[in-house]
Each structure stands twice: as C-alpha cells, then as structure tokens.
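K.L.:
Below are the structure tokens for one structure; questions will follow.
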Amino acid sequence: MRQELPHPVFGQPAEARASAPGRVNLLGEHTDYNEGFVLPIAIPQRTHVAMRRAAGRRCRLHAQALGLTVSFSLDVRPAEHFATYVYGCLAEARAAGAPVPPLDIDVRSEVPMGVGLSSSAALEVATLRCLRELLGLALDDLQLARLAQRAEVEHAGVRCGLLDQMAASLADTRCALLLDTRTLARRFVPLPAGSAIAVLDSGVPRTLAASAYNQRRAECEQAAQALGVGFLRDVPDALAVEALPEPLRRRARHVVTENDRVLQAVDCAAARDFGTLMNASHASLRDDFEVSTPELDRLVGLLQQHPDVFGARLTGAGFGGACVALCVEEAVQEVAQGTLAAYARTGGHGRMLVPAPA
Ligand code: GLA
C-alpha cells in the first residue's frame, strides 16, 4: 500500500482519493435538457480530489490551481464560486442521507476551466467519488451523476442537463458514449476508423454563459409548450417547428436536427460522414441556436478547410471556449499546430487542449 504523506496545507495524510475526467461532446449540443441524445468522450485531463475528516467543525477546501484555501460550514453555502460546486456535492449527499462530517478537501485539476470541457462536472464527480470512498456510500455511478447534476443546478445556479455529469461519471477516453438522456440507455461507440479528435481553445473566455444558457433553455421550454409536447425530443421532424414564432422556430429546429445528427452519426462508420454531421451541427449552433462567437466561427472555419480534418464544431454550451475536430489519426498534432498558427495570423490566441500538450 502507498504510504500517504502529510498534506502540505492540512498537515495530515488523506484518507480517501478519487478523480474524474473532463469531457468533450462530439455531437448533441443543447439536446440534453430537451431529453434528447448526446455523444461525449472523456478527455485525458482529470480532476483529482483527496479528503480527510477535519479536526474542527468547518470544512477546509484547498484548490491547487487557484492557490486558494476556503473554509466553510456544512450549513452555509460559501461565497467563493468554485467552492459552491464542492459544497453543493456535500449538501446533496447529506440531503440523500449520507452522514457527511466536516472535511479537509484538496483539489488538483488538470481540466482546463471555462472552455466548455466540463471542469465543474469533473470536480463534482471526483468530489462525490471521493466521498463515496471515504464513507463507503452505496451509490452507483448513475446515482452519483444525478447527485452531481443536482449540485450544479441547486447550488451553482446553472439549469444544466445530465450530459456533463454522466460523461464525467461514465465516459471513457477510447470510445464515445451514446446516451439517451430520457431513458438513460447508453452504449459505447468507437470513433470512426482512422480518426482522432483535436480540441482547440479559441482563447475567448465564455461570457454571460450561465444567463444566456438558462435563457436558451427557457426558449426550448416555450417552444415545446407551443408545440404541445413535453420536450422538444418529442417533435417528429424539423417541418413541425416551422409555424413557431422567432426565435423559438430556430431554437427548436436546432434541437430537432441535432438529435437527428447524433443518431445518424452512430450509424455511420465513415469518418467523412461523421465529420459532415459535425460541420452541420456547427452551422446549426451558429445560425439557429446562436451560441457561437466570431472567434469560434473563425477557428472552426480554419479546421473545416484543413485537408486532414473530417469535420469540426464548437463544443459545450458555446458563447466562447473550445471547439472539437475529427481528424486523420496520424495528422492530429499537425492539424492542431497548423490551425493554431493560421488562427494566430488572424489575431487569435488559441491553444491546444487535446491531444494534451506534453
Ligand atoms: C453545458 C451543460 C450541459 C449541456 C451543454 C450543451 O455543458 O452543462 O448540460 O446542456 O452545455 O450541450
């Protein structure tokens, strides 16, 4: 067994450790809260959490990436935004009956923050996994993902769907995870033969993401209500949305066509066809759902023109952040570097996130 060293901040060894990965969504954007389909894959970068029972009555949370230690009571939500994710997990676990004691918690994250790769879900799932380990909780990976989602909705104020937490809890780096967010039926789907993914950050931080996200979600709910269905998942085809007033017509059209693209993608073995669906997804997110930015459009455009790219799109909620490309497997490094150089010539400041820079 590994000898635990005293923690540099807390002075005592950890009693439990766990981690969870970030994710990149290949197709199925803004479909999860419409009870539709998503297709994420885990990225190599992970968030690591270590815990021990605290000596006092308060929790202490140390985030290495932020160089910050925050102290909070289990009964009062902390003011620091990043701490609300951890607090939310502890609060939801308590609400579900877990006897959560005051804890010293250490967080070390490799998942880039604020670019659409779900650093918050990685933190939530790693926190709950660590708590499960420490207290021997009888929680399966699905229940754990649901608790993590509740932590985000109830405590961080984002009315997110299940995509990110399910991906952090269940996805793999080698195969994509096809998930039906209504039934929670899921299966692993290999990437098309001879392809690999690249993820590039546009360098533009996501702005107003939480409020604009909640607004899009409300528009989808209005569109579903106007169409007389519970969720946009139930709209049979894109023609059915044509009579809606704008912007509901375009919002609903995105969701209906995007669900269709996920299902087509998992049926098509060829990388070229998969890539064409990714390109169509980007156009739909840009024109119908209106969550792209000029910089993302430029970076995605450069990727789409590259001869070794099958397709590219923005990924995550949008409003800034990263994009994902399906590339010829052997050329993925070159694609990423060449595209970033071309982006820099247009004044952009991007960076490569996957493959993870050495
Ligand atoms: C964010 C949310 C997810 C999902 C995506 C958009 O990542 O947390 O639930 O809605 O945006 O697909």
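K.L.:
Test of understanding: among 252, 265, 223, 269, which residue is under 21 Å from residue 197 (Cβ atoms) and surrounded by 19 or more Cβ atoms within 10 Å (Cβ to Cβ)?
P.N.:
On the way: 252 fails: under 21 Å from residue 197 (Cβ atoms); 223 fails: under 21 Å from residue 197 (Cβ atoms); 269 fails: surrounded by 19 or more Cβ atoms within 10 Å (Cβ to Cβ).
None of the others qualify; the one that does is 265.
K.L.:
Right, something else. Scan region 167-183 and tell me whether some residue there is surrounded by fewer than 21 Cβ atoms within 10 Å (Cβ to Cβ) and in contact with a Cys (Cβ under 8 Å, 6 or more places away or on another chain).
P.N.:
no
K.L.:
Which count do you get for residues in region 78-91 that are open to solvent by less than 30 Å² (accessible area, probe 1.4 Å) and away from the ligand (no atom under 16 Å from the Cβ)?
P.N.:
So the answer is 6.
K.L.:
Mind checking which residues of region 7-44 are touching a helix residue (DSSP H, G or I) at 6+ places or on another chain (Cβ under 8 Å) and farther than 29 Å from residue 255 by Cα?
P.N.:
Scanning region 7-44 gives 15, 16, 17, 18, 19.
K.L.:
Follow-up question, since we're still on this one. Which residues, counting only those in region 95-117, are farther than 22 Å from residue 7 by Cα, open to solvent by 60 Å² or more (accessible area, probe 1.4 Å) and in contact with a Ser or Thr (Cβ under 8 Å, 6 or more places away or on another chain)?
P.N.:
113
K.L.:
A further question on this structure: Which condition does residue 220 not pass, out of (1) within 16 Å of the chain's Cα centre (by Cα); (2) within 13 Å of the ligand (Cβ to nearest atom), if it passes all the others?
P.N.:
(1)
K.L.:
Tell me yes or no: at least one residue of region 320-333 is touching a residue at least 60 places away in the same chain (Cβ under 8 Å), touching a Cys at 6+ places or on another chain (Cβ under 8 Å) and of a type outside the set (Gly, Ala, Ser).
P.N.:
There is no residue in region 320-333 that is touching a residue at least 60 places away in the same chain (Cβ under 8 Å), touching a Cys at 6+ places or on another chain (Cβ under 8 Å) and of a type outside the set (Gly, Ala, Ser).
K.L.:
Check residue 201 against each of (1) under 23 Å from residue 330 (Cα atoms); (2) surrounded by fewer than 18 Cβ atoms within 10 Å (Cβ to Cβ) and name the one condition it does not meet.
P.N.:
Answer for residue 201: the failing condition is (2).
K.L.:
Hey, could you check region 27-47 for residues that are farther than 17 Å from residue 289 by Cβ and more than 11 Å from the ligand (Cβ to nearest atom) and say which is surrounded by the fewest Cβ atoms within 10 Å (Cβ to Cβ)?
P.N.:
44
K.L.:
From the list 235, 229, 241, 262, which residue is in contact with a Phe, Trp or Tyr (Cβ under 9 Å, 6 or more places away or on another chain) and among the β-branched types (Val, Ile, Thr)?
P.N.:
Just a single option satisfies the conditions, and that option is 262.
K.L.:
Moving to a separate point now. Would you check if residue 84 is touching a Lys or Arg at 6+ places or on another chain (Cβ under 7 Å) and in contact (Cβ under 8 Å) with a residue 60 or more places away in the chain?
P.N.:
yes
K.L.:
When residues of region 96-117 are filtered for being touching a residue at least 12 places away in the same chain (Cβ under 8 Å) and more than 20 Å from the chain's Cα centre (by Cα), how many remain?
P.N.:
Selection size over region 96-117: 10.
K.L.:
Separate question: Of all residues in region 3-26, count the ones that are in a strand (DSSP E or B) and away from the ligand (no atom under 14 Å from the Cβ).
P.N.:
6
The values are calculated or read from the model by the stated rules, or taken from the named source; none is laboratory data. Keep in mind that this is a model prediction, so the values were computed, not measured. Counting neighbours? That spans all protein chains shown, and the Cβs are built from the backbone with ideal geometry, glycine included. Quick note on the areas: whole protein, heavy atoms, side chains included, nothing else; ligands and nucleic acids left out. Shrake-Rupley method; radii C 1.70, N 1.55, O 1.52, S 1.80 Å.
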